[in-house]
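First up is the structure itself, then whatever we jot down about it.
Just so you know, all these numbers are worked out from the coordinates, no wet-lab data involved. Just so you know, these numbers come straight off a predicted model, no measurement behind them. Here the Cβ positions follow ideal geometry from the backbone for every residue, glycine too, while neighbour counts run over all protein chains shown.
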C-alpha cells in the first residue's frame, strides 16, 4: 500500500526530547505498530527505506534517534570511519538505563497513536538489534526481529560496557516471539557468540526462530559492498510473516 510522507516528532524522555521519525500507510484505519531501531549511524537513507517498506506492508513505524542526548535532532552519521568512530563511542557512553527509558517512551507513543491498533512489535539492525532484543523483554511487545545484533554475547552495551541483556533473557524475560538473523561471516558476532545466544534462548524456553546466512555484517543495508539483496529479501520476508501473524487482530484496550 502507499504511505504518507516522512513525518517526525520529538517524544519526551527523562533525558530530553527524542526525535522520532514516523512512516505509515496513507489508508484510513488503524495498523499494528513497529519500532525500528537503527544502526549506530542513526536514521540514514537505508534505514528510512527499510521503514518505508515496513509501512507499505501495513504497519505504522516509529524510528527513534538513539543518540538524541548527544546529537542535535536530525543528525545522521556518515557511513565512514569518522561516523563509525562517533557512533561506537556514543554506544558505550550512553547509560543502559537511558536506552530502556527510550524504549518505554517510543513504545508508549506508538501504542497511543490514533493510527495504531495497539499491537506492537520491534525490529532492529546492528546496535538496533540489541536494543530490539532488550525491548522484547517488555510485556507489550508481541514480536521482535533482531538483525545481526551486536554486543549481546559480550554484554558490552552502554556506559561501563556491562549490560544484562543475556542474563535477563536467560531468566525468560522475552515473552513474545523472537527472530534472530545473523551473517556467518560477521566478525562482530562470531560463531561462539552466536552459539551462546542461541543456547541461552533455548534453555530459557523462548519462542524464537534462528536464521544464519552466508553473509557479512550489514548485509541488509542497501548501500555499500556488503549488501546482499537476495538474502535481505528472504530475511525480511520471514520477519514480515512473523509480524503479520503476531500483530494481527483487534487493538489492545486501554
Among 174, 11, 66, the residue with the largest mean-square fluctuation in a Gaussian network model of the chain built from Cα contacts under 10 Å is 11
Relative contact order of the chain (C-alpha contacts under 8 Å, at least 6 apart) in percent is 17 percent
From the Cα centre of region 157-213 to that of region 52-90, the distance in Å is 22 Å
One can check that the equivalent ellipsoid of region 95-243, built from the alpha-carbon gyration tensor with semi-axes equal to the square roots of five times its eigenvalues, has lengths in Å, largest first, of 23, 19, 15
Expressed as a whole-number percentage, the relative contact order of region 1-106 with C-alpha contacts under 8 angstrom and at least six residues apart is 31 percent
Packing-ranked peptide list from 19-27, 38-46, highest mean Cβ count within 10 angstrom first, is 38-46, 19-27
per DSSP, antiparallel bridges as share of beta bridges in the chain, % nearest 5, sits at 30 percent
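Per the helix-only calculation at 222 nm, which mean residue ellipticity applies to the chain, given -39500 (n - 2.57) for every DSSP H run of n ≥ 4 and division by its residues, nearest 500 deg cm²/dmol?
-10500 deg cm²/dmol
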Checking 221, 48, 168 against a Gaussian network model of the chain (alpha-carbon springs below 10 Å), the top fluctuating residue turns out to be 168
Cα-based Debye curve of the chain sampled at q = 0.13 Å⁻¹ gives log₁₀ I(q)/I(0) of -0.75
